[in-house]
1. Could you sort out which of Lys4/Lys166; Lys4/Lys105; Lys14/Lys86 sit more than 29 Å apart by Cα distance in this structure?
2. For Glu96 and Arg196, compute 0.36 nm times the residue count separating them, minus their Cα-Cα distance, and round to one decimal in nm.
3. For Gly192, what is the net charge nearby, where nearby means another residue's Cβ is under 15 Å from its Cβ and Lys, Arg count +1, Asp, Glu -1?
4. Considering only protein heavy atoms and a 1.4 Å probe, what is the carbon-and-sulfur percentage of the accessible area of the range 110-257?
5. At most 12 other Cβ atoms within 10 Å and a DSSP loop assignment: could you name the chymotrypsin sites (Phe, Trp or Tyr not before Pro) in the range 168-257 that fit?
6. His244 accessible area, nearest 10 Å², 1.4 Å probe?
7. Could you calculate the contour length gain from Leu252 to Asp141, that is, 0.36 nm times the residue separation minus the distance between their Cα atoms, to one decimal place in nm?
8. Non-local amide H neighbours of Leu156 (under 5 Å, H modeled in plane, Pro and chain starts lacking H): which ones?
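The values are calculated or read from the model by the stated rules, or taken from the named source; none is laboratory data. Just so we're clear, the structure is a prediction, and the values are computed from it rather than from any experiment. Methodologically, a virtual Cβ is constructed for each residue, glycine included, from the backbone with ideal geometry; neighbour enumeration extends over all protein chains shown. Surface areas here come from the heavy atoms of the whole protein model, side chains and all, with no ligands, DNA or RNA. Shrake-Rupley method; radii C 1.70, N 1.55, O 1.52, S 1.80 Å.
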Amino acid sequence: MRRKFAVQLYTLRKECELDFPATLRTLGSMGWAGVETAGLHGYSAEEIAEVLAEAGLKTAGMHVSVERLRTDPQGIMAEARLLGTKRLICPSVPHEWRNEQGYVKLREELNASAAEMGSEGFTVGFHNHAFEFDTNVGGQDALSYLIDPSPDNAVLAEIDVYWLTKAGYDPASFIEPYGGRMPTMHLKDMTGDERRTYAEIGTGIIDFEPLLLWGERNGVDWYVVEQDICEGNALDSVRISLGHLHALADRLEAGTR
């Protein structure tokens, strides 16, 4: 399981902007197995692929806007091939689309991208926040509508367990319908105080054990840590998160032997 832990690079956006290659090398030396990209900070995919190989990191997936999925599919696929991933994930809903008609349009666009790129082996997923639960589409909350596990919907789930908790849902219960349809899961902890804000994995109130156990039974390839805001040094934050995840993974695997 240790080889399934990746970090979403949005967490380290300031560090990546300052020195992307150095940040990747630091993550590799920490023991991370992979990264999920959120842009290349002015570098070419060839340059970053070389650094990833040097650092011993794989690419868990790429966050790509719905606009780019629509307008630059060939460029996206070329970049993804160089980085060694087939997982493309829409990271959010454009603000002006956060209504019933917008979510219908988003699902149509993501399915169109999945159809266009699926023949080349690529998948298209969606990463949630909490605001999708503010809108209903055809009797479902907008998130359930977007990632509905039905044969006519190709949009895969990238569930962010923090945002589910923020919206008042139990993540372990919510993810049950998405077995085989969630190659990447976003792990993020929540403080236990009244702020209910971002925390390093293992320091907050979210129970990750049932999530990892479910993931191992249901086809999760990567557990991707994202911390939108780090109160201290972001590299220290991801180091703390990885340490807790390694310890948890070791306990779970020891318990199955």
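1. Values: Lys4/Lys166 25 Å; Lys4/Lys105 33 Å; Lys14/Lys86 26 Å.
Pairs exceeding 29 Å: Lys4/Lys105.
2. On the way: separation 100, 0.36 × 100 = 36.00 nm, distance 2.66 nm.
Value of the extension gain: 33.3 nm.
3. Details: positive: Lys166, Lys188, Arg195, Arg196; negative: Asp189, Asp193, Glu194, Glu200, Asp207, Glu231.
Net charge around Gly192: -2.
4. Values: 2940 of 6050 Å².
Of the solvent-accessible surface of the range 110-257, carbon and sulfur hold 48 percent.
5. Numbers: sites: Tyr169, Phe174, Tyr178, Tyr198, Phe208, Trp214, Trp222, Tyr223; in loops: Tyr169, Phe208.
Passing both the DSSP loop test and the Cβ count: no residue.
6. Number for this one is 80 Å².
7. Numbers: separation 111, 0.36 × 111 = 39.96 nm, distance 3.33 nm.
Contour length minus the Cα-Cα distance gives 36.6 nm.
8. Those qualifying (amide H under 5 Å, at least 5 residues apart or on another chain) are Val124, Gly125, Phe126.
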